[in-house]
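The values are calculated or read from the model by the stated rules, or taken from the named source; none is laboratory data. Predicted, not measured: the structure shown is a model, and the values here were computed from it. Glycine also receives a Cβ, built like all others from the backbone with ideal geometry; neighbour counts cover every protein chain displayed. Accessible surface is based on the protein model in full, side chains and every heavy atom, while ligands, DNA and RNA are left aside. Shrake-Rupley method; radii C 1.70, N 1.55, O 1.52, S 1.80 Å.
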Amino acid sequence: MLRYLTAGESHGEAIIGILEGAPAQLPLAPDDINEHLARRWLGYGRGGRSKIENDKVHIYSGVRFEETLGSPIAVRIDNGAYEKDKAGWPEKMAIEGDPPEDMETVTMPRPGHADLAGKQKYEHDDMRPVIDRSSARETAMRVACCSIARRLLNEFGIEVGSHVVRIGDVGFDEPEEWVDRRNALIEEGGGASAIYEAADESATRMLDDEMTERCVEHIDQTKKERDSLGGAYEVVVTGVPPGLGSYVHWDRRLDGQLVQAICSIQAQKAAEVGDGFYNARRPGSQVHDPIEPREDGQRAYPRRTNHAGGTEGGTSTGMPLVVRGYMKPIPTLIKPLDSVDTATGEPQPTRYERSDITSVPAASTVAEATVAYTVANEFLRKYGGDSVPEIRRHVEADRTAHAETARDEDATEE
Ligand SMILES: Cc1cc2nc3c(=O)[nH]c(=O)nc-3n(C[C@H](O)[C@H](O)[C@H](O)COP(=O)(O)O)c2cc1C
């Protein structure tokens, strides 16, 4: 099984990650990670930080001649903001010594951020450490670590993609408005990567030009109103074999793990598996996906529809996994929000800092990464081994066994 940890602050020198459990002999070059780090900066409505950062991963261990070794993979990404905003950071967050006498402490929490919760929990007088660790800058390292998991999935024909379906008030109302376009891309491209490649062409990572334009206007208007926006997106995983996850324990349910993968990301406040929210409004006959006979050698029973999003009983069915994330509006607004100075107890409006108007397109790329990690872990639980060739032997043995079962079924029918 895989496990990763991240460390580092948004304005510190760098963010650090360690991924353990990656099998040996997985082809891995820095650009397999850099590609997705660059995609994390996509999207109209980003703030000044997007101009400062040029995220590139430095791999320190666990990889040799572009192949993993089976040992922990240690990675680092430098923060461009450290150089740019240097203004006292090394002193204000110095590892040794005392705080400078003239140091301004941050005592005014911003609503919607971790500032007040973190100050109270860790009993800090100065909220700076809370602001800097709770920042979504951490998602850069998540993308880095999870891109290695994604690389493993790719090796076994499992692909992950995402696209945005709503920004603020503008977007699709029902999945029926986009599923045909999304499924056609999967069909043409042979997997979910085609979804992200098409979405990356749009300023808002949407699969519809007119909707993209409307969202861009909505973002511009919101900026004029000095406000911010949230939205929704969909992550799809194709090539998933049946049997990942399980119903036998609560924490092994794949659907539950997918929701956590989304809601573990800063500002993601809801997630649904398949047509979850929409299904709640419909009668069962329009929701449950009819099962069709397998063709010779087919591993999974095909479904006529996929409202369930590729899981039943917490276990993958072999249909594409579909999970949607819902992001709240960015909490840093140009327009001040009411708050309280915790040093004086007096009301105080927030001050604007560099920030995105919306980060939904970026969040969708982070969600691809966390979903990939979740699926890779369940894939390893079922087929795991110490090296990619060993895992391949397990996958092949499973495929052969199931092809034989399918043939037996055909013989019985005859
Ligand atoms: C990719 C991404 C980028 C973000 N960018 C910003 C930003 O520029 N400004 C901001 O105020 N919040 C931003 N956020 C949201 C905050 O990180 C988040 O709301 C905050 O850490 C509090 O966490 P919570 O909303 O989960 O409680 C971003 C989130 C993500 C996922």
- Under 1.5 on a/c is rounded, so check that first for the stretch 317-386, then, if it is not, pick prolate when a/b is larger than b/c and oblate when it is not; a ≥ b ≥ c are the square roots of the alpha carbon gyration tensor eigenvalues. prolate
- Message: Looking at the calculated P(r) for the stretch 31-80, what percent of the C-alpha pair distances fall above 16 Å?
- Response: 49
- Against the rule of thumb 2.2 N^0.38 Å, how large the Cα Rg of the stretch 159-316 comes out: 1.14
- Query: For all pairs of alpha-carbon atoms in the stretch 250-383, what percent lies in each bin of width 10 Å, listed from the first bin to the last filled one?
  - Reply: 11, 30, 27, 16, 11, 5, 1, 0
- Note on the structure: With a ≥ b ≥ c from the Cα gyration tensor eigenvalues, square-rooted, and the rule rounded for a/c under 1.5, otherwise prolate when a/b > b/c and oblate otherwise, the stretch 173-246 is prolate
- Over the heavy atoms of S387, what accessible area does a 1.4 Å probe trace out, to the nearest 10 Å²? 20
- Tensor-based shape of the stretch 51-209 (alpha-carbon gyration tensor, a/c under 1.5 rounded, otherwise prolate or oblate): oblate
- Item | Solvent exposure of the chain as accessible area per residue, Å², 1.4 Å probe | 48
- Message: Can you order the peptides 156-163, 60-67, 261-268 by their average number of other Cβ atoms within 10 Å per residue, highest first?
- Response: 156-163, 261-268, 60-67
- Message: What lysines does K92 reach when the alpha-carbon gap must be under 18 Å and sequence neighbours fewer than 8 apart in one chain are set aside?
- Response: K84, K119
- Accessible carbon and sulfur surface of the chain relative to its total accessible area, %, 1.4 Å: 49
- Note on the structure: re the stretch 44-118: pairs of Cα atoms spaced beyond 15 Å account for a percent value of 75
- Packing rank of 15-25, 196-206, where each peptide gets the mean count of other beta carbons within 10 Å, highest leading: 196-206, 15-25
- Rounded D (µm²/s) - the stretch 124-241, Kirkwood Rh over Cα pairs, Stokes-Einstein at 10 °C, 1.306 mPa s: 97
- Item | the stretch 237-301 versus the stretch 316-393: alpha-carbon centroid distance in Å | 19
- Rg (one decimal) and Dmax (whole number) from the Cα set of the chain, in Å, equal 23.0, 87
